[in-house]
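Single-structure report; data block below.
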Amino acid sequence: MRRQRTILIALSTLLAASLTTLATPASAQEAAAEPNQVTNLTVRQADGYATLAWQPVDGATDYQIERTPVDANGTPTGAATIVGIWRPNRQINQESPTFADAGFNPGDRFQWRVRARFDTTEQPYSTPVTGTTTAPWGNPNVAGEQLRTQWETSHAAQYTSDTEEYAYTAAIDELSDRVRVVEIGRTVKDRPINMFVIGYPTPPATPEAVAATSPAAINCNVHGNEPGDREACLIMARQLAFSTDPRVIDLLSHTTVLIVPTINGDGRAANTRGNSTGQDLNRDYSLIRQPETAAYVNMVRQYRPIAGYDGHEYGNSRAGDLPMLPPRHQNVAQPIFDESMDMIEGHMYTKGAEDGWWPCPYGCDGGGSVGLGEETILRNTLGLKNVVNSLLELRSSGGQTRPDEGNTANNRRRKTFSALWTFQQFLDYHRANLPAIKQGRAEAIAFQASNTGRLVFRGSRPIPAHPAPHPGSSPPPIDAPPADLILDNAPCAYRLTEEQYHGARTDGPTGAVTTAAERIADHGWKVIKVGDSYYVPLNQPERGLIPLLLDGQGVENLVDGERIYPTLTGPRTGPLTVTGFACLDDATITGPVTVRSGAALVTTGTTITGPVNASGAAGVMLADTKVTGPVRVSGTTDAISLIDLTVTGPVDLSANRTDNQPLLVGNTVNGPLACAGNTTAPTNLTIDNTVTGPRAGQCATL
Amino acid sequence: MSYPRTRHPRRAGALLAAALLLTVTACTGDPHQPDTTPVAAQISGPLCAALPAGDEPGNPTYLAGQPVATALQWMPTLTTFEAALRTSGLLPDLEHDGITLLAPSDDAFATKFSDDTWDALMTKDQDKLRTLVKAHLIAGTHTLDELADDGTATTLDGATLTVTRTGDTTRFGDKADAVCGDYQATRARIHIINTVLGPLPTDAGGRDHRG
């Protein structure tokens, strides 16, 4: 069950307030030597940033943060510079102002002071605090830890090149037992797209085994000219690979971390937004016309991350440090949206206020028409694939709150270390909330497979303003779906012709255009061939995405599939024999159901009293259905999917011949469950079935 | 090519640095090592303070001994121009005869082209990209002082630019100011400018609010 957002925030604010009180008991409060002077300034060092915290001054409009380079004796070695402006819209609590200062060369030593301003009138500076900042992570004398990226060794003058990335990646792979680097695909220009698979003590051996650990995935760099997040990913991969910190060991003992540093290697090399064909890849994750996006979607199907982040940079100089946005498309299941919002507003806003970073809703301040519901954007595609996730932006420029970023290296370092903070927080969130994320995902998949509720071809859920104080001023636009993009009466399935399914296409890179069949397979949707037609039923986990690609009304669709409505609803008594394609919705069947060879049975919201027998069927896909009596499915050729069924009686899957995994997800079986001799072993998508009887054969652990 | 004009102090400084270049480059193969000579290559302009200096990686003295392609990769505000020059394929034919680059900063490109327009130039309109890049190249190696003294310069796209000097600022084509000039690389001079040259229309606007 989702926590109430306002309660969560109230609790965390209370906690933060009491912690502050504990840290600085009244007797230790520093007295202000002058009126309106900032007191109790502290500095805390972390990777690439320093968190300044202080006691607020009554009536202050904002605060200025000053930094001065100093030597070991505290003697200044350079000019004092205003590096930060703290404004009240930075954080969700005002009692404990914090500011993450970043941009400096990690390892250098500084003195900081903070002063309040009343309007523009400067008040006295605090007593200074001094500290040595944290050097780039990893002991230079320990193998593996000593690795550095090109970005680090060049002091951010250069980004890590493709060849340097491959060398660094290979070295981590070689030196760490925790890491396996896999190539998930190639770019248009044949650059490898690598993924770090990181677990402790070693990562699980196969994608299915990784999937069983409910992994967290980070897509670091889709736009080639937005490279800040990628450098953070490369540094984090080294930390995860070699750190002996108990936190890291604990994280990696409970899940697997998937990091794709560069999905758009061609665009990165040319410093372009799109790939080498000019395609913006973050407008292609549903259509997967390009090999880069197809590789990512294929990875998601195989490794099944349950949570994700997607790294970008953002040109709005008035935005916060870290604009974030959940999957908003209205076809995304509510629990996925809610959990994603909780990750952003419950976790990131709270932690940002502690560490001094400024996450905010995408748009943040005068953001314009961005952050909408296009399913082509990874944030939305992943949501429609039941992955809790967020977009991450790094504000491109220093803006008004970080006035010392005219120097490019300072600017790059702030961006990369703010991304590193976010990704580490993302892993902490995943670790702390794994049961809630898994439950939300299970509820979402059950909802989608039930094929209930309207379909929206384009349009977003509202992102209401966070309760005051807001981190940032404006949430993204409402982006409600227009009436002509709403379908209240969802079909049961889409029917595609041979030409639509297997026909040659022109939308993609020359010489490498894939068919609709290949793209549907990459998404992992079940397809049933009956006669000359290919049926894609909606009672499957990605029900929200299927119509966007297969319906003629889809704004950026793949084909104009034919809507197929239920063939049987309401009560029916007597034996039912299925030949051809049968779709039962909201039906009550009393009597035995037999699916003939080559036929297909699809059900939702249905009650069947009587046995269900399918022998040699093309497809059997049942969801949100009650069966009293045995369910026996054998010799199926194309697709099997049993989701959220309640069966009173035995369930038996044997000798099925599908080339894709039969789904047995979240069912309740009051009886035995047996699976034997199926060409492809069934999967539960890491959502347990409740079985009162024995489980046998290929279903023994489902 | 010769430049029979009177010298003023700025130019003398640049020439002094150039004269010492041979000594300097012989010792600075590793960018992470401090220079073994106190003399640094002389760059000038308001943006220079934001670029690697002293003994930082990518400092001007180190770059003076590098091929122009390498030097550009060390200049953090030239990522767009560097990629454009590389993608255009023009450099190999030019660099052994000496070349001067009027290199627009990343900010200059961002205020000139939308992402979509830029991606189309980089991926689909190769001829247009080459013409655009040529509008920023001048045959031979020329200091800012020399260019200003000449008063005009012919770029490789065939256009003639006026070059004016107001105070310390050198301006090209009545619109592009040198913001950090007189970087040296092997047989090359690099002047960072704040506006994109050439006749292509400006269509930036969408770039600001998209991640």
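The values are calculated or read from the model by the stated rules, or taken from the named source; none is laboratory data. Model, not experiment: these values are computed from the prediction. So basically every Cβ, Gly included, is an ideal-geometry build from the backbone, and we count neighbours across all protein chains shown. What goes into the accessible areas is simple: the full protein's heavy atoms, side chains included, and nothing from ligands, DNA or RNA. Shrake-Rupley method; radii C 1.70, N 1.55, O 1.52, S 1.80 Å.
Out of everything in segment A:440-457 that is open to solvent by 10 Å² or more (accessible area, probe 1.4 Å) and either hydrophobic (A, V, I, L, M, F, W, C) or free of Cβ contacts under 8 Å to residues at least 12 places away in the same chain (or both), what residue ends up being farthest from residue A:556 (Cα to Cα)?
Here the answer is A:442.
Please state which one of A:289, A:328 is among the basic types (Lys, Arg), within 16 Å of the chain's Cα centre (by Cα) and more than 29 Å from residue A:400 (Cα to Cα).
Answer to the check: A:328.
Of the conditions (1) away from every other protein chain (no Cβ under 14 Å); (2) over 25 Å from residue A:268 (Cα atoms); (3) surrounded by 15 or more Cβ atoms within 10 Å (Cβ to Cβ); (4) not acidic (Asp, Glu), residue B:167 satisfies every one except a single condition; which number is it?
Tallying (1) away from every other protein chain (no Cβ under 14 Å); (2) over 25 Å from residue A:268 (Cα atoms); (3) surrounded by 15 or more Cβ atoms within 10 Å (Cβ to Cβ); (4) not acidic (Asp, Glu), residue B:167 fails exactly one: (3).
If residue B:153 satisfies all but one of (1) more than 14 Å from chain A (Cβ to nearest Cβ); (2) within 30 Å of residue A:274 (Cα to Cα); (3) at pLDDT 95 or above, what's the number of the condition it fails?
The single condition residue B:153 does not satisfy is (2).
Going by the conditions given, is residue B:69 modelled with pLDDT of 50 or more and within 14 Å of chain A (Cβ to nearest Cβ)?
Spelling it out, residue B:69 is indeed modelled with pLDDT of 50 or more and within 14 Å of chain A (Cβ to nearest Cβ).
Considering only segment A:595-612, state which residues are surrounded by fewer than 19 Cβ atoms within 10 Å (Cβ to Cβ) and under 14 Å from residue A:636 (Cα atoms).
Matches in segment A:595-612: A:596, A:597, A:598.
List the residue pairs whose Cβ atoms are under 6 Å apart, where the first residue sits in segment A:360-384 and is outside the structural domain of residue A:546 (by the TED database) and under 13 Å from residue A:331 (Cβ atoms), the second is of a type in the set (Lys, Arg) and outside any helix (DSSP H, G or I), and the two are 6 or more positions apart or on different chains.
A:373/A:328; A:373/A:458
Show the residue pairs that are 6+ apart or on different chains and have beta-carbon atoms under 9 Å apart, the first residue being within segment A:240-263 and in contact (Cβ under 8 Å) with a residue 60 or more places away in the chain, the second being basic (Lys, Arg) and open to solvent by less than 10 Å² (accessible area, probe 1.4 Å).
That search, which allows pairs on different chains as well, returns A:261/A:230; A:262/A:230.
Would you pick out the residues in segment B:72-94 that are at the interface with another protein chain (Cβ under 8 Å from one of its Cβ atoms) and acidic (Asp, Glu)?
Scanning segment B:72-94 gives a single hit, B:82.
Out of curiosity, is residue B:61 assigned to a helix (DSSP H, G or I) and either at the interface with chain A (Cβ under 10 Å from one of its Cβ atoms) or over 20 Å from residue B:185 (Cβ atoms) (or both)?
The answer is no for residue B:61.
Looking at segment A:253-342, what helices (runs of 4 or more DSSP H) fall wholly within it and have at least 2 residues that are surrounded by fewer than 24 Cβ atoms within 10 Å (Cβ to Cβ) and more than 14 Å from chain B (Cβ to nearest Cβ)?
Of the helices (runs of 4 or more DSSP H) lying wholly inside segment A:253-342, those with at least 2 residues that are surrounded by fewer than 24 Cβ atoms within 10 Å (Cβ to Cβ) and more than 14 Å from chain B (Cβ to nearest Cβ) span A:291-303, A:334-341.
For the condition open to solvent by 30 Å² or more (accessible area, probe 1.4 Å) and within 14 Å of chain B (Cβ to nearest Cβ), what is the one hit in A:150, A:158, A:111?
A:150
Could you please find all residues in segment A:577-632 being part of a strand (DSSP E or B), among the small types (Gly, Ala, Ser) and farther than 18 Å from residue A:526 by Cα?
Within segment A:577-632, A:587, A:605, A:615 meet the criteria.
So residue A:93 clears everything in (1) buried (at least 19 other Cβ atoms within 10 Å of the Cβ); (2) assigned to a strand (DSSP E or B) except one condition, right? Which one?
Unmet for residue A:93, out of (1) buried (at least 19 other Cβ atoms within 10 Å of the Cβ); (2) assigned to a strand (DSSP E or B): (2).
Which residue out of A:95, A:174 is over 30 Å from residue A:362 (Cα atoms) and acidic (Asp, Glu)?
None of the others qualify; the one that does is A:174.
Residue A:174 is checked against (1) under 17 Å from residue A:230 (Cβ atoms); (2) open to solvent by 20 Å² or more (accessible area, probe 1.4 Å) and fails just one. What number does that condition carry?
With (1) under 17 Å from residue A:230 (Cβ atoms); (2) open to solvent by 20 Å² or more (accessible area, probe 1.4 Å) applied to residue A:174, the lone miss is (1).
Could you tell me whether segment A:547-556 includes any residue that is of a type outside the set (A, V, I, L, M), open to solvent by less than 30 Å² (accessible area, probe 1.4 Å), in a loop (DSSP other than H, G, I, E, B) and out of contact with any Lys or Arg (no Cβ under 7 Å at 6 or more places or on another chain)?
yes
What is the residue count in segment A:350-373 for residues that are surrounded by fewer than 24 Cβ atoms within 10 Å (Cβ to Cβ), under 20 Å from the mean Cα position of the chain (by Cα) and more than 14 Å from chain B (Cβ to nearest Cβ)?
2
Between B:108, B:148, which is in contact with a Ser or Thr (Cβ under 7 Å, 6 or more places away or on another chain) and free of Cβ contacts under 8 Å to residues at least 40 places away in the same chain?
Among B:108, B:148, only B:148 is in contact with a Ser or Thr (Cβ under 7 Å, 6 or more places away or on another chain) and free of Cβ contacts under 8 Å to residues at least 40 places away in the same chain.
Hey, can you tell me all the residues within segment A:147-173 that are farther than 20 Å from residue A:210 by Cβ and among the acidic types (Asp, Glu)?
A:152, A:162, A:164, A:165
Among the residues of segment A:214-235, which ones are surrounded by 21 or more Cβ atoms within 10 Å (Cβ to Cβ) and away from chain B (no Cβ under 14 Å)?
A:215, A:216, A:217, A:218, A:232, A:233, A:234, A:235 - these are the residues of segment A:214-235 that are surrounded by 21 or more Cβ atoms within 10 Å (Cβ to Cβ) and away from chain B (no Cβ under 14 Å).
Within segment A:401-421, identify whether any single residue is out of contact with any Gly (no Cβ under 9 Å at 6 or more places or on another chain) and away from every other protein chain (no Cβ under 14 Å), and answer yes or no.
no
Can you find a residue in segment A:481-493 that is part of a helix (DSSP H, G or I), aliphatic (A, V, I, L, M) and in contact (Cβ under 8 Å) with a residue 40 or more places away in the chain?
yes
Please enumerate the residues belonging to segment A:48-91 that are among the basic types (Lys, Arg) and out of contact with any Gly (no Cβ under 9 Å at 6 or more places or on another chain).
If the condition is that a residue be among the basic types (Lys, Arg) and out of contact with any Gly (no Cβ under 9 Å at 6 or more places or on another chain), then A:87 is the only one that fits.
Quick check on residue B:174: is it open to solvent by 60 Å² or more (accessible area, probe 1.4 Å), away from every other protein chain (no Cβ under 14 Å), modelled with pLDDT under 95 and in a loop (DSSP other than H, G, I, E, B)?
no
To keep it simple, each residue is scored yes or no on (1) of a type in the set (D, E, K, R); (2) over 23 Å from residue A:447 (Cβ atoms).
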residue	(1), (2)
A:604	no, no
A:609	no, yes
A:623	no, no
A:626	yes, no
A:661	no, no
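For residues that are assigned to a helix (DSSP H, G or I) and open to solvent by 70 Å² or more (accessible area, probe 1.4 Å), scanning just segment B:115-130, find the one that is nearest to the other protein chains (Cβ to nearest Cβ).
Restricting to residues being assigned to a helix (DSSP H, G or I) and open to solvent by 70 Å² or more (accessible area, probe 1.4 Å), the top hit is B:116.
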